[in-house]
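First up is the structure itself, then whatever we jot down about it.
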Amino acid sequence: MSYQNILSEVKANILYITINRESKLNALNKQTLAELADVISFAAKTEEVRGVLLTGAGEKAFVAGADISEFSAYSTEQGEDLARSGQVNVFDAIENSTKPFVAAINGFALGGGLELAMACHIRVAADTAKMGLPEVTLGLIPGYGGTQRLTRLVGKGRAAELITTADMITAERAEKIGLINHVVPQTELIGKAEEILNKIKQRAPLAIAAAIRAVNAAVNEGVNGFEVEIDEFGKCFGTQDFKEGTGAFLEKRRADFKGR
Ligand code: COA
C-alpha cells in the first residue's frame, strides 16, 4: 500500500510513523485511518521492527482529532460503525501490538489524537503540547476508546472532569496526572522517544511482547491478569532469547537477542 497521509520509514529497527496532513492539523480522516491500520499490521509482522515511534508532522499538532468534516452528516448506525472499525483496526491494534509504540506528542493532541496517543504504550510530549477530549463541544463523546483509556490512566474523577468540561491541559499538567510519561522541550522530543525505544530494542523481543500482553491484561476486565502473567512467564522459559539472556549474564557478556 502506498501512503498519501502518513510517512513511514524503518531506521535502525525503529519504525517511524508520521501523520502527515499538516494543513488539517493531522486530523484523522478515513484514508489516514486505513493507512495507519496497514502500517500497524506491517509493524506486527516485520521482524526488523523492534519498536514504533508515532508522531505528527509539523510543530503545531500531533493530531487535532477525527476529521469532523467527514462525519458531520452521519446517522446513529454510521457513528457506531465509525467508532467500532476505528477501535478494532487502529486503536486496539496499537494497544495489542507486541511491538511497543511510543507516541511523541508534538502539539495539539485532541479527541481522536489524544485517543491515538493513549492507545500507545508510552507517551512523551513536547512542553508546547496541549491535550484534551473536546467531543462534548460537538455534541459527541469520545469514540475511539477515550472514555476507557483516560479513566484507566488518570482515574475516574479526573477523566470525568476532562471529558465533561472539554478542557485542554498542558503537557506539564498531563505529566502530573499520569496521562503522559515525560515532558521535554520541543527540540528534544524525538530524541527522548528514541532514547526509550533504543533501550527497549536491546531487550529480548519475545519478552517485550509477553510484557505488553501481561500489562494489557491488568486493564482487561475479562481476564485474570495474574494468570496471564504466570502463563507468559512460563512461556519465556521456552525461548532461545531466555537461554541467550541468562547465558550472557552468567558469561559476563552482552546478550544478542534474536526474537526466537
Ligand atoms: N477535523 C477536521 N479538520 C480539522 C480538525 C478536525 N478535527 N482540526 C483542525 N482542522 C482543520 C481546520 O478546519 C483548518 O482547516 P482549513 O484551513 O481548511 O479551514 C485547519 O485544520 C487548521 O485549523 P484551525 O482551526 O484553523 O487552527 P487554529 O489554530 O485556529 O485552531 C484547534 C486549532 C486545534 C484549536 C482547532 O483546529 C480545533 O479546535 N480543532 C478541532 C478539535 C476537535 O474538536 N477535535 C475533536 C474531534 S472529534
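List of remarks:
- Farthest toward the positive end of the dipole of the chain, out of Ile163, Thr46, Ala64, is the Cα of Thr46, where the dipole comes from beta carbon charges about the Cα centre.
- For the chain, the relative contact order works out to 15 percent when only alpha carbon pairs closer than 8 Å and six or more residues apart are counted.
- The alpha carbons of the stretch 125-260 occupy a box of 58, 41, 20 Å along the principal axes, longest dimension given first.
- Candidates Leu197, Phe226, Gly238 compared by Cα position along the dipole of the stretch 167-241: farthest toward the positive end lies Leu197, with charges placed on Cβ.
- Binning the C-alpha pair distances of the stretch 168-244 at 5 Å intervals from 0 yields a P(r) profile of 3, 13, 15, 15, 16, 16, 12, 7, 2, 0 %, listed from the shortest bin outward.
- Rg/Rg_ref, the stretch 47-125, where Rg_ref = 2.2 N^0.38 Å and atoms are Cα: 1.18
- Using C-alpha pairs under 8 Å with a sequence gap of at least 6, the mean separation divided by the residue count of the stretch 1-66 gives a relative contact order of 43 percent.
- Sequence ranges 165-174, 217-226, ranked by mean other-Cβ count within 10 angstrom, highest first: 165-174, 217-226
- Value of Rg/Rh across the stretch 205-250 [Cα atoms, Kirkwood radius]: 1.07
- Unit charges on C-beta of K, R, D, E only; dipole of the chain, Debye: 760 debye
- Annotation: amide H-H contacts under 5 Å for Phe62 (H modelled 1.01 Å from N, sequence separation of 5 or more, or interchain): Asn106, Gly107, Phe108, Ala109.
- Whether the stretch 104-159 is rounded, prolate or oblate, judged on the alpha carbon gyration tensor where a/c under 1.5 counts as rounded: oblate
- Distance between the C-alpha centres of the stretch 28-43 and the stretch 113-158: 19 Å, rounded to the whole angstrom.
- The dipole here belongs to the stretch 1-136: it is taken about the Cα centre, uses +1 on the Cβ of Lys and Arg and -1 on the Cβ of Asp and Glu, and is about 360 debye.
- Net +/- balance of residues flanking Arg158 in space, Cβ distance below 12 Å, scoring K and R +1, D and E -1: +2
- Counting Lys and Arg as +1 and Asp and Glu as -1 over every other residue whose Cβ lies under 12 Å from the Cβ of Leu53, the net charge comes to +3.
- Rh by Kirkwood over Cα pairs, then Stokes-Einstein D for the chain at 1.306 mPa s and 10 °C, µm²/s: 84 µm²/s
We did not get these values from a lab; they are worked out from the coordinates using the rules stated. Only a predicted model underlies this, so the values are computations on that prediction, with no experimental measurement involved. Cβ coordinates were reconstructed from backbone atoms using ideal geometry, including for glycine residues, and neighbour counts include every protein chain displayed.
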